[in-house]
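Asker: Questions regarding the structure given below will be posed in turn.
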Amino acid sequence: MNETEQLLEQVADRAHTSARAQGKPLPTPLGTGEIARAEGILGFALPPLLARLYTRVGDGGFGPEDGLLPLRQALGAYGAQRASGWRWPEAVLPFADLGCAMYACVDCRSHTAQVLLFDPNPGEPDLAWSVDAPGLADWLRGWLDGTAWFCEESGAGDAYDLELAPWAEFRSRI
């Protein structure tokens, strides 16, 4: 079993365990046709790991805070943000709602599926973007092992803005 398969298995185990503990079913995984339709609407491909989360684990509803967005909701959030005054970059898909209007977003043009934090609370588009994790796999591992800033047990939540680097590519991508 390769690293990606192992990671997917760990995420699925955690997602199913959490769903059982909360007494609610995990959303049904999507088919590959639904991924292809979403990519057609977006005009770009989803990173392979994100697509596999949707097709192997479930259509959102698992993960930190409010969890991964159902794919249809992620598409809607992307369209709404692209039309907003936040100068949302092309191919940066919000995939998890972290509360307080913050999104974890995946840069679909990054070869590592870099995860960006969108935090509009400073009130300025140039200050709203920072690098959360070098890749989606790293972000998922941080959630699984409790070391990510958004995990209560990490102790990093209070100082996360000091640890996250501004997204240098923001201006070149709008």
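Asker: For residue 32 and residue 111, compute 0.36 nm times the residue count separating them, minus their Cα-Cα distance, and round to one decimal in nm.
Answerer: Details: separation 79, 0.36 × 79 = 28.44 nm, distance 2.09 nm.
Full extension from residue 32 to residue 111 adds 26.4 nm.
Asker: Before rounding to the nearest 500, sum -39500 (n - 2.57) across all DSSP H runs of length at least 4 in the chain and divide by the residue total; then give [θ] at 222 nm in deg cm²/dmol.
Answerer: Computed ellipticity for the chain at 222 nm equals -11000 deg cm²/dmol.
Asker: Ignoring ligands, DNA and RNA, what accessible area per residue does the stretch 31-142 give at 1.4 Å, in Å²? Display every interim value, and only then the final one.
Answerer: Details: 4510 Å² over 112 residues.
I get 40 Å² per residue for the stretch 31-142.
Asker: Pull out the extension gain between residue 1 and residue 144, defined as 0.36 nm times the separation in residues minus the alpha carbon to alpha carbon distance; nm, one decimal.
Answerer: 49.6 nm
Asker: Given the options 150, 118, 62, which has the most mean-square fluctuation in a GNM of the chain, springs set between C-alpha atoms less than 10 angstrom apart?
Answerer: Largest GNM mean-square fluctuation: 150.
Asker: Still on this structure, please answer the following. Using a 1.4 Å probe on the protein heavy atoms, what percent of the accessible area of the chain belongs to carbon and sulfur?
Answerer: Heavy-atom surface of the chain belonging to carbon and sulfur, 1.4 Å probe: 50 percent.
Asker: With a ≥ b ≥ c the root eigenvalues of the C-alpha gyration tensor of the stretch 1-48, is it rounded (a/c under 1.5), prolate (a/b larger than b/c) or oblate?
Answerer: It comes out oblate by the Cα gyration axes.
Asker: Which is the longest run of the chain containing none of the trypsin sites (Lys or Arg not before Pro) found in DSSP loop states (not H, G, I, E, B) with at most 16 other C-beta atoms within 10 Å?
Answerer: Within the chain, the longest run free of exposed trypsin sites (Lys or Arg not before Pro) spans 1-86.
The values are calculated or read from the model by the stated rules, or taken from the named source; none is laboratory data. Please read these numbers as outputs of a predicted model, since none were measured by experiment. Note that each Cβ is placed from the backbone with ideal geometry, even for glycine, and that neighbours are counted across all protein chains shown. These area figures cover heavy atoms from the full protein model, side chains too; ligands, DNA and RNA do not enter into them. Shrake-Rupley method; radii C 1.70, N 1.55, O 1.52, S 1.80 Å.
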